[in-house]
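The values are calculated or read from the model by the stated rules, or taken from the named source; none is laboratory data. These numbers come from a predicted model, not from an experiment. Quick reminder, even Gly has a Cβ in these numbers, built from the backbone with ideal geometry, and neighbours come from all protein chains shown.
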């Protein structure tokens, strides 16, 4: 940072406030730390948005979507610097996405034959072990090279590999976010069945189930958008740069969402399948996580007594600068 007043503050670290996700600077005040919103700090120091320090504060705020905390001098995450991801999916997701794209190419060349082949796990395995399938993939690469006006099948393989790499992050997040959120919803759906639950707790369960449904709808829609946008393999390969930007935008949204959800998802995954006091505390924590993000504004203001123009953050609002 160029502003000299930063040096007078000593060691500064940055994180998002637990209450509302606001990016804050942690400043040491003797034995205590003060959490100062970055916007307030920027106003106090008279830092313009388009100045070097203003741009850096904006990048720090954006970086906190991807890391828990930063200190001055720390390297910013790749999402902020280059658009790449600062994390890596498991190799199995790369294999899955690469196989899907190759099977889509086979289907593009010969839809009837592809229908017989299928697109399930056995078909993907045959891509690696069946000489006939490998030959069909090679012919598909050759035909795609001509259709895309590329030098040859190797060029097609390179583009397919690059798109598969981008999509592997989506597949990883499908497992790490969507499937876990669906499992949480199933756990919530099973609570209270076959037993006696008083009216107050039943009402809380109903609210949490409704909010979970709204959240799952939003998350599922993101995956559906990516699947629809990249479902036509030739269109995807023909517009690889635009598709890469689209995939990365959704990747980052889903990753930010997973980071926000992680404590709740981990809480439910580790919980025993019993309806005890700990389970009801877990339901309450889930409600307090979901309500400000998904409850309609009017309901939220009524339930919390807000009367001063405040609005509940949407799912991604806690990730804004």
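Screening region 208-233 for residues that are crowded, with 18+ Cβ neighbours inside 10 Å and touching a residue at least 60 places away in the same chain (Cβ under 8 Å) and picking the one that is farthest from residue 258 (Cα to Cα) gives 233. Is it true that some residue in region 255-276 is closer than 30 Å to residue 103 by Cα and in a helix (DSSP H, G or I)? So far as region 255-276 goes, yes, one or more of its residues are closer than 30 Å to residue 103 by Cα and in a helix (DSSP H, G or I). Anything in region 14-48 that is more than 19 Å from residue 63 (Cβ to Cβ), modelled with pLDDT under 85 and not in a loop (DSSP other than H, G, I, E, B)? List them, or say none. Passing the criteria: 28, 29, 32, 33, 34, 44. Among the numbered criteria (1) at negative phi; (2) loosely packed, with under 12 Cβ neighbours inside 10 Å; (3) modelled with pLDDT under 95, which single criterion is violated by residue 314? Going through (1) at negative phi; (2) loosely packed, with under 12 Cβ neighbours inside 10 Å; (3) modelled with pLDDT under 95 one by one, residue 314 breaks only (2). For residue 240, the stated conditions hold: it is surrounded by fewer than 20 Cβ atoms within 10 Å (Cβ to Cβ) and either touching a residue at least 60 places away in the same chain (Cβ under 8 Å) or within 18 Å of residue 97 (Cβ to Cβ) (or both). Here is the figure for region 74-103: residues that are more than 29 Å from residue 144 (Cα to Cα), in contact (Cβ under 8 Å) with a residue 60 or more places away in the chain and outside any helix (DSSP H, G or I) total 1.
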